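Okay, handing you the structure first.
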Amino acid sequence: MRKCDVAVIGLGLMGSAALDALLGAGIDALGFDPVGPGSHRGSSHGSCRVFRRFNFENPNYTALSDEAHAGWLRLQQNHGRTILTPTPVLEAGRPGSKMVAASRAAAIAMGHPDPVLTPAEANRRFPAFDLPDDWDVVVQDGGAILRTEVVMEIMRARAGDRVIAQVAQFEPRHDGVSIRTATDEFFAERAILALGPWMGRALPQLGALLRVTRQAVGWFSPAQPETVVLGRLPIFLIERGPNDVVYGFPNFEARGVKAAPHNHGPDVGPDDWDPPATDGELRQVSEALAALVPGAAGPIVDRDVCLYTNSLAADRRPDQGEEFIIDRWPESRLIVCSACSGHGAKFAPAIGHRLARLATDPTFEAEAFFRLSRYSAFG
C-alpha cells in the first residue's frame, strides 16, 4: 500500500491548484483523476474562463481576486506561457440593475475611480455594442481572459508522477483515508475532495445542498468581425432581466465570439454532458447579441456544454446561495471543495492555497462565508 500525507481527489482547476500548493510546500501529496487536459468533461474543461477583479456576487471576493491574480502571474512568469490575457470587462443592465450596481460598488470600495460609463460612451468605445440610452453600464479594468487549458497543462506537468490518472474510490477511516484505484491501494493522512459535479455522489449529505445544472455555450460567427477582435470587444456580462444574464468573450481564438447564458439551466446528473447545446438552449444568447451586441451576432458555428455545481442558500449565516464550500468535513480527515457555482475558476490559486492549509495546518480556517457551518445541517 502506497502512503502519502495528503491525497487530492479530483484535478480540475481547484484540485490541481491544491496539489500544486502542497507539492510546492514540500508536502508528500498525490493527485487522482482519470480526466486529463483536453477532455470535454469536468468543470474545468475548455480553453478559457473570465477573470474579473471586481465581483458583483460578493464584496469579499475582491481581495480573493487580488490573491488569485498574483498566483496566476507567478505561474505565467515561471513557465513563459500566456495564462492571463488582459481585457476590460463591460457589465450592463436595465436601469437599476443589481449586478451593475454591485460591481460598481466593489470597485469604489477599493478606492478605484468610478467605472460608470453612459451607454453612448460605451457604444463609441466598443462599436460592436448598441446599448439602450437608459441602461446602467460599468467598464472595469483588471479583467482578463483566463486560459484554463494552458493552466491545466502546466499544473499537470508540474505534478508529474504525483498524478494517478485513474478513478479513485475513497473510504474515511479514523486515522486517515483509504483510497483504491483499479490497480492499487493507497493511504493518506488526509484527503481533499475537489470533485465538481460528482461531489454530491461522493458525499450525499453534501449533495442535498448542491444543484448541478446544464449550461449551454456557443460560438457565434460575428456580423462585424473587425469590431469583436481582442482589444476592440471587452469581456461582457449583460443583465436583461431576472434570471437573464449573458456573458461573452472577444474573438481571441479566431473561433468566433464565445457567449453563453449565466443563469441556471435545467438540473442534470454529473455524467450528463451530452448532447451538445441546442439552438433552443442558445436562443436567449442569440437574441441578446442581436439586440445589444449586433457586431457579435451571427450563426452558431460551434457549441459546448458546461455543468455548474451550485450551492443552495444558507440559513445560519444567510446568503443568496452560489457561494463556495471550502471546509473540513465533520468527524473525518476529509477537506471538501465544491459548489463553485459557475464563477469560481478565476480564484483557483487562492482556493488551492486554502485547501492545502486546511489539510496541513490544524489552526487554519477558511473564511466564514465558505464554511459548512453556515448551514444548519452542519451547524
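Where a number appears in this text, it was derived from the coordinates with a stated rule and is not lab data. Not measured: the values here are computed from a predicted model. We place every Cβ from the backbone using ideal geometry, glycine too, and count neighbours over all the protein chains shown.
Translational diffusion coefficient of the stretch 146-303 at 37 °C, 0.692 mPa s, Stokes-Einstein with Kirkwood Rh over Cα pairs, in µm²/s as a whole number.
Value of D from the Cα-based Kirkwood radius: 175 µm²/s.
Please identify, among GLY26, GLY269, GLY71, the residue showing maximal mean-square fluctuation in a Gaussian network model of the chain using a 10 angstrom Cα cutoff.
Residue with maximal mean-square fluctuation among GLY26, GLY269, GLY71: GLY26.
Shifting gears a bit: Tell me, what ³J(HN,Hα) does each residue in the stretch 284-290 have, in order and in whole Hz, if you take phi through Karplus 6.51 cos²θ - 1.76 cosθ + 1.60 with θ = phi - 60° and put x for Gly and Pro?
Values, residue by residue: 4, 5, 4, 5, 5, 5, 4 Hz.
Given labels modelled 7 Å from the Cα in the Cβ direction, how far is it in nm from ASP130 to GLN320?
Going from the ASP130 label point to the GLN320 one covers 3.0 nm.
Take the alpha-carbon centre of the stretch 204-236, take the same for the stretch 134-196, and report the distance between them in whole Å.
Taking the Cα centre of each part, the stretch 204-236 and the stretch 134-196 sit 22 Å apart.
Give the cross-link partners of LYS258 among the lysines, using a straight C-alpha distance below 22 Å as the criterion and excluding same-chain residues fewer than 8 apart.
Once the sequence-local lysines are set aside, what remains near LYS258 is LYS346.
Further, regarding this structure: Return the sequence-ordered ³J(HN,Hα) values of the stretch 301-311 in whole Hz as given by the Karplus equation 6.51 cos²θ - 1.76 cosθ + 1.60 applied to θ = phi - 60°, using x for Gly and Pro.
Per residue, the Karplus-derived 3J(HN,Hα) values read 10, 7, 7, 8, 9, 10, 10, 8, 10, 10, 7 Hz.
When only DSSP loop residues count, what trypsin sites (Lys or Arg not before Pro) in the stretch 290-365 have their Cβ near at most 15 other Cβ atoms within 10 Å?
ARG316
Let me ask something else about it. State the extension gain, in nm to one decimal, for the chain segment bounded by GLU226 and THR82, taking 0.36 nm per residue of separation less the distance between their alpha-carbons.
49.5 nm is the gain from fully extending GLU226 to THR82.
Now for a separate question. In the chain, what percentage of the DSSP-assigned beta bridges are antiparallel, given to the nearest 5?
Counting DSSP beta bridges with both partners in the chain, the antiparallel share is about 70 percent.
Moving to a separate point now. Between GLN169 and ASP272, what's the calculated FRET efficiency when r is the beta-carbon distance and R0 is 25 Å? Round to 0.05.
Efficiency for this residue pair is about 0.70.
Only bridges whose two residues both fall in the stretch 172-307 count here: according to DSSP, what percent of them are antiparallel, nearest 5?
Around 95 percent of the beta bridges assigned by DSSP in the stretch 172-307 are antiparallel ones.
Express in nm, to one decimal, how much length is gained between PHE187 and GLN205 on full extension, taking 0.36 nm for each residue of separation and deducting their alpha carbon distance.
Stretched out fully, the PHE187 to GLN205 stretch lengthens by 4.1 nm.
Please compute the contact order of the stretch 302-367 in relative form: average sequence separation of alpha-carbon pairs under 8 Å and at least six residues apart, divided by the residue count, as a percent.
In percent, rounded to a whole number, it is 27.
Turning to a different aspect of this structure: Report, in debye and to the nearest 20, how large the dipole of the chain comes out about its Cα centre when Lys and Arg carry +1 and Asp and Glu carry -1 on their Cβ.
My answer is approximately 480 debye.
Where the centroid of each part is defined by its Cα atoms, how far is the stretch 246-281 from the stretch 21-76 in Å?
Going from one Cα centre to the other spans 20 Å.
If you stretched the chain out fully between ALA377 and ALA313, how much longer would it get, using 0.36 nm times the residue separation minus the C-alpha to C-alpha distance?
21.8 nm
Considering amide H positions built from the backbone, and no H for Pro or chain starts, which residues 5 or more places from THR118, or on another chain, come under 5 Å of its amide H?
none
Calculate the spin-label point distance for LYS3 paired with ASP28, positioning each point 7 Å from the Cα along the beta-carbon direction, and give it in nanometres.
0.7
Now a separate question. Please report the net charge: other residues with Cβ closer than 14 Å to the Cβ of ASP136, K and R +1, D and E -1.
Charge balance near ASP136 sits at -2.
Further question on the same structure: Hey, got the dipole for the stretch 1-58? About the Cα centre, +1 on K and R Cβ, -1 on D and E Cβ, debye to the nearest 20?
180
Please say if the stretch 224-277 is rounded, prolate or oblate, where rounded means a/c under 1.5 for a ≥ b ≥ c the square roots of the C-alpha gyration tensor eigenvalues, and otherwise the choice is prolate for a/b larger than b/c and oblate otherwise?
Verdict is oblate for the stretch 224-277.
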